[in-house]
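This report refers to the structure that appears directly beneath it.
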Amino acid sequence: MKRVTVSVAGGSYDILIDSGLRARLPSLVAPFAPTRLLVVTDAVVAPLYGTELARALHAVAPAALHAIDGGEAGKTMAAVERVIDALVAHRADRKSMVVALGGGVVGDIAGFAAAIYMRGIRFVQVPTTLLAQVDSSVGGKTGVNHAAGKNLVGAFHQPSLVVADAEVLHSLPPRELSAGLAEVIKHGLLGDADYFSAVERDLARLLACEPDALSAAVARSCEIKAGVVARDEKETGERALLNLGHTFGHAIEAVAGYGRWLHGEAVGCGMCLAADLSRRLGMISAADVQRIEAAVAAARLPTRIEGLARRAALAAMAGDKKTEAGQIRFILLERIGRAMQRTVPAEALDATLNAGGYV
């Protein structure tokens, strides 16, 4: 079993990575001595793992199961309210725990409900997608979407434990697996050039769900993110770099319509756009851009978006959380393995949008 520790101001917690870990969840949760447990999952994961897990957790404390609608379109305040209703019905108190069993949407909704129920109760992340295991389950960001933009309503609420079971990734559809690889590629691009090279080399093994390759990628991505979170828990500076590709990506999701593009697909395309913009500003070479686009394409992710409305996309970018005083701040690449945040000239952005297929 691999263990990555995340250290934040309020203490620390572990990310545990291994195959078959979900079967050990009762023994991993028991030391927290929860009074009650609510397993929050979605309609897809519930029959696969949710019912079985909730039954096993009864050995620790009275456990209930609550299924939400999956997908970005369901990441709303109404979904959070329904989780809180389930906590009330289960008579959860301040020593109760929420178990988020699912992908990033489940983790965001369940974590946000845990953050605001009785002003905050503990929760455990049990991510079942690659994207959630390498990114969204780590770092304490929780929240939901708003009509004006993605993740505009939320809170920082760190989990007590993250349990990443590599075995569950074998049940992922190929498209979901590729979406997770976008975040794997992202971590190498922004924080570790050698890791990016290793990901390039191992993409075929990762797409084939080889356990050793997946465990190594999950562990290294979590190490990179844990280091950034430890230095900047509340995203006042360095943590914004973890949004490489996301300013473009969030706009793609919002304008195309949540659900038409998976989050990882939008981020993959967004990283290619960010790389193109970085080149136009003289930061990386054309060869670097080609290398990044080749890795994204090899992960079976889109590198361009054809026909997205430029004006609507720019409006969505202007609503991004990194916007300051009306200026959109992009995460760009100084080189492969190092990112930075800055505003950009309108003409450079316009050229990138032209090249990326915007209309």
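The values are calculated or read from the model by the stated rules, or taken from the named source; none is laboratory data. Treat the numbers as computed from the prediction; the structure is a model and nothing was measured. Glycine gets a Cβ as well: all are built from the backbone with ideal geometry, and neighbour counts include every protein chain shown.
At-a-glance table
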read-out: Odd one out for V267, checked against (1) under 21 Å from A73 (Cβ atoms); (2) modelled with pLDDT under 90; value: (2)
read-out: Criterion (among the small types (G, A, S) and at pLDDT 95 or above) met by exactly one of A274, A251; value: A274
read-out: Residue in the stretch 158-169 that is modelled with pLDDT of 90 or more, over 27 Å from L28 (Cβ atoms) and not in a helix (DSSP H, G or I) present; value: no
read-out: All positions within the stretch 70-115 that are among the β-branched types (V, I, T) and touching a Ser or Thr at 6+ places or on another chain (Cβ under 7 Å); value: V106
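The rows are residues; the columns are (1) within 26 Å of G11 (Cβ to Cβ); (2) part of a loop (DSSP other than H, G, I, E, B).
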| position | (1), (2) |
| --- | --- |
| I185 | no, no |
| C222 | yes, no |
| V229 | yes, no |
| T236 | yes, yes |
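The rows are residues; the columns are (1) among the small types (G, A, S); (2) in contact with a strand residue (DSSP E or B) (Cβ under 6 Å, 6 or more places away or on another chain).
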| residue | (1), (2) |
| --- | --- |
| S7 | yes, no |
| G11 | yes, no |
| L16 | no, yes |
| P31 | no, no |
| V45 | no, yes |
